[in-house]
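Contents: one structure, followed by commentary.
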Amino acid sequence: MKKPFVFLVVTLLVGIVAYAQSEASVLKLADQMIAQRHYASAFTMLEEFDPANDRPAVLLKKEDIALNYFVQSINHMAFSLQDLKPGEDLDSIRANFETGSMVAFMADSLLKRLIARNPDDCQLLCGYAQYYYALLYDYNTDLWLAYVDSACLALLCHASALVCPCHKAAYQVGLYYNIDGQDDSAALYYRRAIALCDTDWNTHYNLGSVLYSQGHYAEAVSHFRAAYYGYPSSDMKADAARALGIIYSDHLNNPDSAGRYILAAHELSPGDFGNAANLLLYYLEKNDIRANALIDTCWRNAIDGDQSYRDAMHLVNICLANNATDRITLFLQNKTTQAQSDYEHGLCHYLLGMNIFEEESLAVQHLEKAIYFFTLDGAPDEFLAQIFQVIEELKKPCPDK
């Protein structure tokens, strides 16, 4: 009576071994194809092996291919994949890609289905977090927020609570609370993410920002410094350096460290108006002669940037507030003859008329010239009308005259 049972157990064991060997061999072959950059073929092979997406390891391998090796993606719900030929580069193909066949791959819902069966499976939960992490960095925060509903947030919280290297889940929960203005909760999850992975520089930077807003300046410095020395990107390093410069200058009374990081931010990102303006302010406060050359740098960054009017006005206000009225006046007067465009000509005259000269006749002259050049540049009628109104006010006789 016992023999059939023994036979059944043996049969099941053979089946399990065959299942494991089959899946393992397929995954190994997929890795080999990925190494050969045959991404579309690897994904297709996995689809044929597990069309129902019931095998966690296979589904996670599909996700890896789709998120990391796509040629084109639509909100990470549909992907174009391609086998690369020798000498082809994925980045250049992406840059020049126009259209191609798409494969629908809803990693979000597919992973949630398997997690419902195995709610504490660390690999599945980390895979789920990886999907949203890719969505966040391949697209934008607004799209990511639109996808992160209460169910998603609960899964990310659960993933970050497990004893597994799922720092991306903790980071995203921290970011969600950070955006929502819940600083204490944001700091809690950022710290958890760093405990799981202390080389995630975005987490250090964001935690530094939260601590700064809470007034914990010394602790904020430690995380901004970690981000500054860890970031590989010059622009990101510059952002961290700028934060350090501000904290050392405004809150920790350490002008030497402030100057070092403010200068580093400008050198790392010389085309950034904010970094140049911070360095100008630092030089003006120290009465450093290097401020003269930096005024021109700030002006050029303002003119070349997307917020030229706002930044140029900020430049003038920095100079007026720091005993540099003569410098900025002479600079703008010279620029009225050296400007490279009608807009720049108009802006120089506008700033002289609106901010510099208190004498009504001189202010009016500059504002009239501003209207002339702004008109050549095609400025909106409403803006020109505002300048006309200022001129009319300036021309009115004073009541006591």
From the options LEU352, LEU280, LEU362, LEU294, residue that is open to solvent by less than 20 Å² (accessible area, probe 1.4 Å) and under 26 Å from GLU392 (Cβ atoms): LEU352
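What tally of residues in segment 178-195 results from selecting those that are under 14 Å from HIS167 (Cα atoms) and open to solvent by 60 Å² or more (accessible area, probe 1.4 Å)?
Here is the first cut: in segment 178-195, the ones under 14 Å from HIS167 (Cα atoms) are 186-195.
Then keep just the ones that are open to solvent by 60 Å² or more (accessible area, probe 1.4 Å); that gives 188, 191-192, 195.
So the answer is 4.
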Which residue pairs have Cβ atoms under 7 Å apart, sit 6 or more places apart or on different chains, and have a first residue in segment 153-169 that is within 10 Å of LEU196 (Cα to Cα) and open to solvent by 30 Å² or more (accessible area, probe 1.4 Å) and a second that is aromatic (Phe, Trp, Tyr) and at pLDDT 90 or above? LYS168/TYR133
Going through (1) polar (S, T, N, Q); (2) farther than 27 Å from GLU285 by Cα; (3) surrounded by 15 or more Cβ atoms within 10 Å (Cβ to Cβ) one by one, SER209 fails only at (2)
Within segment 306-346, which residues are surrounded by 16 or more Cβ atoms within 10 Å (Cβ to Cβ) and small (Gly, Ala, Ser)? SER308, ALA312, ALA324, ALA339, GLY346
Checking GLU358 against (1) out of contact with any Ser or Thr (no Cβ under 9 Å at 6 or more places or on another chain); (2) part of a helix (DSSP H, G or I), which single condition isn't satisfied? (2)
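Table: residues versus (1) at pLDDT below 95; (2) under 16 Å from LEU281 (Cβ atoms); (3) out of contact with any helix residue (DSSP H, G or I) (no Cβ under 9 Å at 6 or more places or on another chain).
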{"residue": "GLN307", "(1), (2), (3)": "no, no, no"}
{"residue": "LEU315", "(1), (2), (3)": "no, yes, no"}
{"residue": "ALA339", "(1), (2), (3)": "yes, no, no"}
{"residue": "GLY346", "(1), (2), (3)": "no, no, no"}
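Give me the residue from segment 94-124 that is of a type in the set (Ser, Thr, Tyr) and at pLDDT below 95 and, out of that set, surrounded by the fewest Cβ atoms within 10 Å (Cβ to Cβ). Let's see the steps before the verdict.
Going residue by residue through segment 94-124, those that are of a type in the set (Ser, Thr, Tyr) are 99, 101, 109.
From what is left, the residues that are at pLDDT below 95 are 99, 101.
Working: THR99: 7, SER101: 11.
Among those that are of a type in the set (Ser, Thr, Tyr) and at pLDDT below 95, it is THR99.
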Looking at (1) in a helix (DSSP H, G or I); (2) open to solvent by 30 Å² or more (accessible area, probe 1.4 Å); (3) under 22 Å from GLN307 (Cβ atoms), which is the only condition GLY274 fails? (2)
Out of segment 218-229, which residues are open to solvent by 20 Å² or more (accessible area, probe 1.4 Å) and either touching a helix residue (DSSP H, G or I) at 6+ places or on another chain (Cβ under 7 Å) or within 14 Å of THR199 (Cβ to Cβ) (or both)? GLU219, HIS223, ARG225, ALA226, TYR228, TYR229
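In segment 250-271, which residues are buried (at least 18 other Cβ atoms within 10 Å of the Cβ) and under 17 Å from SER209 (Cβ atoms)?
Filtering segment 250-271 for residues buried (at least 18 other Cβ atoms within 10 Å of the Cβ) gives 258-259, 261-266, 268-269.
Those that are buried (at least 18 other Cβ atoms within 10 Å of the Cβ) and under 17 Å from SER209 (Cβ atoms): TYR261, ALA265.
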Looking only at residues that are of a type in the set (A, V, I, L, M) and closer than 28 Å to VAL148 by Cβ in segment 78-89, which one is surrounded by the fewest Cβ atoms within 10 Å (Cβ to Cβ)? ALA78
Would you confirm whether any residue within segment 387-401 is within 30 Å of ASN275 (Cα to Cα), at pLDDT below 95 and open to solvent by less than 70 Å² (accessible area, probe 1.4 Å)? no
Only one of these is polar (S, T, N, Q), free of Cβ contacts under 8 Å to residues at least 60 places away in the same chain and in contact with a strand residue (DSSP E or B) (Cβ under 6 Å, 6 or more places away or on another chain): SER80, SER73. Name it. SER80
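Checking the condition outside any loop (DSSP other than H, G, I, E, B), basic (Lys, Arg), farther than 25 Å from LEU279 by Cβ and in contact (Cβ under 8 Å) with a residue 12 or more places away in the chain, which residue from LYS369, LYS335 passes? Even if it seems obvious, please write down each step before you answer.
Details: LYS335 fails: farther than 25 Å from LEU279 by Cβ.
Result of the check over LYS369, LYS335: LYS369.
Could you say whether any residue in segment 254-268 is in contact (Cβ under 8 Å) with a residue 40 or more places away in the chain, assigned to a helix (DSSP H, G or I) and out of contact with any Leu (no Cβ under 6 Å at 6 or more places or on another chain)? Spell out the reasoning first.
To start, the set of residues in segment 254-268 that are in contact (Cβ under 8 Å) with a residue 40 or more places away in the chain comprises none.
No, that holds for no residue.
The values are calculated or read from the model by the stated rules, or taken from the named source; none is laboratory data. If you're wondering where the values come from, they're calculated on a predicted model, not measured in any experiment. Methodologically, a virtual Cβ is constructed for each residue, glycine included, from the backbone with ideal geometry; neighbour enumeration extends over all protein chains shown. Heads up: the accessible areas ignore ligands, DNA and RNA and are worked out on the full protein's heavy atoms, side chains in. Shrake-Rupley method; radii C 1.70, N 1.55, O 1.52, S 1.80 Å.
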